[in-house]
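Below is one structure, written out as structure tokens; comments come after it.
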Amino acid sequence: MGLMKKCWSLLFVFLVLFFLAACQSSEETTNKNNEKEETETPEGSTAEGELEPITFRLFDSDTSPDWVDNMDTPVGNKIKEDTGVTLKPEFDIEGGETKIPLMVASGEYPDLIVSKGAGQLVDAEALIDLAPLIEEHAPNLKEMLGDGINRLKWSKDDPSIYVLTTAPVDNQPMTPSYGAWIQHAVMKELGYPEINTLDDLKNIIFEYKELHPEIDGQPTIGLTMNTDSWRIQSSFLNSGFMMTGASDDGEYYIAPESYEAMLHYRRPVEKEVFKWWNDMNAEGLLDPEMFVQKNDQFEAKLASGRVLATIGPDYLMSSAQEALREEGKHERMYGVYPVTLNEEYVSHAYQSNGLQAGWGISISKDCEDPIRAIKFLDYLASEETQIMLNWGIEGEHYDIVDGERVISDEEWEKRNSDQDYLKNSGIGYTFLRYAPRYGDGVLDSTGQPFTVNTREIAMQNQTDIEKEVLAAYGVELWKDLYPQIDDFPVKPWGAAYNISIPANSELQGLNQRALDLTKQMVPRAVLASPDKFDDEWDSFMDALEKANVEKAEELYSELIQNTVELWSN
């Protein structure tokens, strides 16, 4: 009996040891299989290799009239298919001026934030440093930005990258960025007059308005401007330095040698520009609603065909140009001319800023998957995606013929005439605006341009009257009328308006006070009777001095100089 009991005990121990060994072997096998699956399955993917869907909440400081809910366009659906990412955006009409401070106050942020200066967000520690993410997970971004990535460093004291620029890289635009936009019908009927100065422009508008006090049964408007919200700066107020041989640096003129900043209205020569505006108003050539109209009213007036001219940046013209073309009013579309105060000055519209930094897209601290987010931005910067965002879907929006991308005449007509083409397709700025992008003139690995804005295509898409007007001035494109990019040095400080100012700083407060005075007092001077203009302008200058503008200039000069030093290291 004792022997039997001992045998049973040994058998029990053996079975227990066997069971434990089997469990350990099974666990090791399971762990190895799991490790293999983790190795073979990309991050954010399912076991089948498909990317798990993820939604990123996005705040955009600009509006996006071409956005379609759930990204439900051919291009948008391809992006979702490739990445598993759906963007859920909130757009703003105030440039983030109100909503970003509200975010900071609440301490809660969307996953991605597109800002026009991220000072408040950085000070609130709302943004993560993108530098290590780019280094490890974003080869396309590294390739696109190249050495220019140095410009994305935040400051001398903090070299982190909080904002990824969304500006075009190495851009050589086919369309001038700023100028005087004049209807083709005006120039043709007047025999293609000389157009170099602001006085030339005034005489042209006066003569044609006298001949045609009405257009299509509506009163003719000589010249109007888009002054709604921030647009008053980029169009009307910018005319001060754009017409006097400077390039766009926001509210300041930057001396090219010393990098000293001056609020550009304080340059004596700019008084002459705004006196010209005053004269235009006194002679009845300005739209009386110019300083009170909204953006949609401005666009509707241009689209009606009764506005002879405007002045401003190209991006404020596209909607009206497309509407006029769609209506067949080709003669009422606009050409753009490098008008300056007088022949002493030349347009600097084509002066290069280099890689622009300061404005762009950021990943917030509340983003639960920043690696997935940076990979999405890197996807947008890839060669294949850049081609898609500019050209569309192969076989649907373009074809490959003899190894080259070709857009049919029928498709071009849709692009040029259908105001909803970009919205319905997802092509263009809808998604290009969320990452750096290759600019006009940059070639892909096959030697073809990334964008459709080539010289040949630009000429191909001109209307007959546009070709006629250009030929009369001896050029093929509007850009040919302008001094070219190689005529100017690259600006060492980039675009001054892109340089972030510390939130709640003395400089930020001084700048806001100066801008408030400018928006109020410059229109008042323009609308005053000519004999009161000097008094109004002097009052404006006095108000700026009392607002401590000299201190603002001193602080801004220091900011510019520090930026140049940072970028040059």
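Each reported figure results from applying straightforward, stated rules to the coordinates on display, with no laboratory input. As the structure is a computational prediction, the values presented were derived from the model and not from experiment. Counting neighbours? That spans all protein chains shown, and the Cβs are built from the backbone with ideal geometry, glycine included.
Among I501, I427, which comes first, second and so on when ranked by fewest other beta-carbon atoms within 10 Å?
Sorted ascending by nearby Cβ count, the order is I501, I427.
What is the set of long-range amide H partners of G179 at a cut-off below 5 Å, with H atoms built 1.01 Å from backbone N?
Distant-sequence amide H within range of G179: G312.
Taking amide hydrogens as modeled 1.01 Å from N in the peptide plane, which residues meet the under 5 Å criterion relative to F59, leaving out close sequence neighbours?
E90, L112, I113, V114
Give me the lysines in straight-line cross-link reach of K116: C-alpha distance below 23 Å, same-chain residues under 8 apart excluded.
Correct list for K116: K88, K99, K142, K153, K156, K294, K365, K375, K491, K519.
To the nearest 10 degrees, how steep is helix 2-40 against the longest Cα principal axis of the chain, on a 0 to 90 scale?
In the chain, helix 2-40 runs at an angle near 20 degrees to the longest axis.
Could you list log10 I(q)/I(0) for the stretch 246-298 at q = 0.16 Å⁻¹, which the Debye formula gives when each Cα is one point scatterer?
For the stretch 246-298 at q = 0.16 Å⁻¹, log10 I(q)/I(0) is -0.68.
What translational diffusion coefficient, in µm²/s and rounded to a whole number, does the Stokes-Einstein relation yield for the stretch 506-569 at 25 °C and a viscosity of 0.890 mPa s, taking the hydrodynamic radius as the Kirkwood radius over Cα pairs?
Calculated translational D: 186 µm²/s.
For the stretch 290-363, restrict the atom set to alpha-carbon positions and state the Rg and Dmax in Å.
16.0, 47
How would you rank M280, M242, going from fewest to most other Cβ atoms within 10 Å of each one's own Cβ? Working shown, then result.
Numbers: M280 20, M242 29.
Starting with the residue having the fewest Cβ neighbours, the order is M280, M242.
Would you mind checking which residues have amide H under 5 Å from D249's amide H? H placed 1.01 Å from N; only 5 or more apart, or other chain.
For D249, no residues qualify.
Given a Förster distance of 22 Å, report the FRET efficiency between D444 and S417 from their Cβ-Cβ distance, rounded to the nearest 0.05.
With a Förster radius of 22 Å, E is 0.20.
Take the Cα coordinates of the stretch 450-569, assign each an equal point scatterer, and use the Debye formula without solvent to give log10 I(q)/I(0) at q = 0.10, 0.17, 0.20, 0.23 Å⁻¹.
-0.64, -0.92, -1.01, -1.21
Name the residue from Y162, N196, L223 whose Cα lies farthest towards the positive end of the charge dipole of the stretch 140-250, charges +1 on Cβ of Lys and Arg and -1 on Cβ of Asp and Glu.
Of Y162, N196, L223, it is Y162.
With unit charges on the beta carbon (Lys/Arg positive, Asp/Glu negative), name the residue among V564, P288, Y109 whose Cα is farthest towards the positive pole of the charge dipole of the chain.
Y109
Order by neighbour count: D248, D123, fewest other Cβ atoms within 10 Å first, most last.
D123, D248
Just to confirm my numbers, what's the Cα centroid distance between the stretch 451-477 and the stretch 371-434 in Å?
Result: 22 Å between the Cα centres.
Taking the Cα centre of the chain as origin, sum charge times position over the Cβ atoms of Lys and Arg (+1) and Asp and Glu (-1), and report the length of that vector in debye to the nearest 20.
The dipole magnitude comes to about 1200 debye.
Dividing the Cα radius of gyration by the Kirkwood radius, what Rg/Rh value follows for the stretch 302-459?
Reported Rg/Rh (Cα atoms, Kirkwood Rh): 1.01.
Tell me the Kirkwood radius of the stretch 345-433: reciprocal of the mean inverse pair distance over distinct alpha-carbon atoms, in Å.
Result for the stretch 345-433 stands at 16.2 Å.
Suppose we keep just the alpha-carbon trace of the stretch 392-464; what are its Rg and Dmax in angstrom?
Computed over the Cα atoms of the stretch 392-464, radius of gyration and Dmax are 12.6, 36 Å.
For the stretch 348-393, what are Rg and Dmax over the alpha carbons, in angstrom?
In Å, with Rg to one decimal and Dmax whole: 14.8, 44.
For the chain, I need the span (max minus min coordinate) of the C-alpha atoms along each principal axis, in Å, sorted largest to smallest.
129, 59, 40
On C-alpha positions alone, give me the angle between the axis of helix 268-282 and the longest principal axis of the chain, in degrees, nearest 10.
70
Compute the orientation-averaged projected area for the stretch 191-330 from the convex hull of its Cα atoms and round it to one decimal in nm².
9.4
What are the ³J(HN,Hα) couplings of the stretch 59-74, residue after residue, when phi is run through the Karplus curve with 6.51, -1.76, 1.60 and θ = phi - 60°? Round to Hz, x for glycine and proline.
9, 10, 6, 10, 7, 9, x, 9, 6, 10, 3, 6, 6, 7, 9, x
In sequence order, what are the phi-derived ³J(HN,Hα) couplings for the stretch 357-363 according to the Karplus relation 6.51 cos²θ - 1.76 cosθ + 1.60 with θ = phi - 60°, rounded to whole Hz, with x for glycine and proline?
10, x, 9, x, 10, 10, 9
Distances longer than 18 Å among the Cα atoms of the stretch 108-194: what percent of all pairs is that?
Every Cα pair in the stretch 108-194 considered, those over 18 Å come to 60 percent.
As I understand it, the dipole of the chain uses +1 on the Cβ of Lys and Arg and -1 on the Cβ of Asp and Glu, about the Cα centre. Which of A124, Q448, A458 lies farthest toward its positive end?
Sorting the options by dipole projection puts first A124.
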